[in-house]
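Below: one structure, written as structure tokens.
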């Protein structure tokens with residue numbers, strides 16, 4: 001069991017009031033709040049250790065480099081990766097996916113090739129591939145949904161052909177919270193010898209992820225959804241792609257030697273990290289990882305699952321509410337609508353009670369088209385959320401529904 005009171009005390013922002021009411025923050029799918037240890041780690045770096053890394057011989061530079069590289073090791077250990085050089089620091093999930101797309105476009109992807117995506121992908125895992133396809137006569141194939149809004153894995157296998165060169169899929173739907181069957185993804189991609197990219201933006205904050213066991217070719221996630229800072233994230237590359245993925249960008253830090261005639265690039269992670277990285281972001285990210293590990297990923301997942309199931313059960317009892325992707329096996333996210341009402345109106349009125357929810361299409365417009373709606377109200381949980389907050393939300397939602405009728 002986890003001590004929620006003790007956890008909540010570590011998040012300064014949760015102590016404030018919004019519109020005269022205690023803040024109920026249910027927008028964690030967009031970004032989570034930050035514990036004091038993360039805020040302090042970032043502040044302390046700038047106060048006492050700020051220096052550029054890797055190429056300095058003075059004390060501050062050496063210490064900053066050690067902190068930065070130790071952060072890489074901490075994150076690698078969390079994701080069960082033996083070689084920390086497989087962890088590339090980026091500005092976040094979107095940046096990571098673009099690095100892969102731009103790299104693969106140089107040699108791996110050819111005109112007429114096919115990429116398989118799912119119906120519930122975030123725009124960040126659609127647009128880079130769509131841009132490539134439009135420029136190169138490529139084809140995007142989409143895994144359809146079943147009636148319960150889960151992926152149709154039978155249809156998925158039928159999408160494979162000799163032209164399939166990549167499967168790019170989210171681990172957890174940021175709109176529905178549904179968890180992808182990774183065993184099925186792994187079986188089929190290995191059967192057809194196709195690499196796969198796993199978008200962990202919505203899974204990494206909520207569950208234990210063992211990349212050594214999953215064996216994706218590429219894995220991406222963002223720090224800011226994992227109690228860490230904005231503008232920081234990672235790209236994991238399998239051993240195969242670490243040495244062969246073409247560079248999307250170059251610059252200082254990525255090289256061994258440079259002449260006007262030829263450049264010899266660095267090996268490992270540095271080859272993909274041009275310029276001065278977000279050093280404080282990496283340190284803050286590693287500190288957030290330590291916070292999550294101290295709580296325990298299994299405890300964190302169990303707590304959030306309890307909140308999801310409690311909230312779904314209560315929402316099902318409100319006849320004016322329509323739930324999407326209702327399922328007991330979810331990761332921290334619930335989407336719904338109040339029948340006949342615009343989600344923006346529902347979200348605006350909930351805010352009057354200090355309840356922060358997300359409204360709109362959640363960067364999943366193709367999914368919204370599939371569901372036949374313009375948008376939804378989304379509540380998403382973190383480890384600091386409580387049953388009392390869920391009950392307060394349900395109480396105020398009922399009042400909002402009455403006000404809108």
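Some notes on this structure:
- Residues being surrounded by 23 or more Cβ atoms within 10 Å (Cβ to Cβ) and either modelled with pLDDT under 95 or over 20 Å from the mean Cα position of the chain (by Cα) (or both) - total across region 28-40: 0
- Residue in region 15-26 that is farthest from the chain's Cα centre (by Cα), counting only those that are surrounded by fewer than 19 Cβ atoms within 10 Å (Cβ to Cβ) and in contact (Cβ under 8 Å) with a residue 60 or more places away in the chain: 20
- So residue 187, is it without any contact (Cβ under 8 Å) to a residue 12 or more places away in the chain, part of a helix (DSSP H, G or I) and not assigned by TED's automatic domain parsing to the domain that holds residue 372: yes
- Boolean, residue 300 is under 30 Å from residue 76 (Cβ atoms) and crowded, with 17+ Cβ neighbours inside 10 Å: yes
- Scoring residue 366 on the criteria (1) assigned to a helix (DSSP H, G or I); (2) within 21 Å of residue 31 (Cα to Cα); (3) out of contact with any helix residue (DSSP H, G or I) (no Cβ under 6 Å at 6 or more places or on another chain) leaves a single failure, condition (2).
- Lone unmet requirement of (1) in contact with a helix residue (DSSP H, G or I) (Cβ under 9 Å, 6 or more places away or on another chain); (2) farther than 21 Å from residue 11 by Cα; (3) in a loop (DSSP other than H, G, I, E, B) for residue 202: (2)
- Hits in region 341-355 (condition: over 24 Å from the mean Cα position of the chain (by Cα) and under 17 Å from residue 399 (Cβ atoms)): 341, 345, 346, 348, 349, 350, 351, 352, 353, 354
- Flag if residue 91 is under 17 Å from the mean Cα position of the chain (by Cα), surrounded by fewer than 19 Cβ atoms within 10 Å (Cβ to Cβ), more than 28 Å from residue 6 (Cα to Cα) and assigned by TED's automatic domain parsing to the domain that holds residue 129: yes
- Any hit, region 316-325, residues being at pLDDT below 95, in contact with a strand residue (DSSP E or B) (Cβ under 8 Å, 6 or more places away or on another chain) and not assigned by TED's automatic domain parsing to the domain that holds residue 124: yes
- Qualifying residue in region 46-66 (condition: under 16 Å from residue 382 (Cβ atoms), surrounded by 14 or more Cβ atoms within 10 Å (Cβ to Cβ) and touching a helix residue (DSSP H, G or I) at 6+ places or on another chain (Cβ under 7 Å)): no
- For region 268-289, residues that are surrounded by fewer than 14 Cβ atoms within 10 Å (Cβ to Cβ) and either in a helix (DSSP H, G or I) or without any contact (Cβ under 8 Å) to a residue 40 or more places away in the chain (or both) total 1.
- Among the residues of region 10-45, those that are assigned to a helix (DSSP H, G or I) and either touching a helix residue (DSSP H, G or I) at 6+ places or on another chain (Cβ under 7 Å) or within 30 Å of residue 257 (Cα to Cα) (or both) comprise 12, 14, 36, 37, 38, 41, 42, 45.
The values are calculated or read from the model by the stated rules, or taken from the named source; none is laboratory data. Owing to the predicted nature of the structure, the values given are computational and were not obtained by experimental measurement. Please note: Cβ atoms are built from the backbone with ideal geometry, for glycine as well, and neighbour counts cover all protein chains shown.
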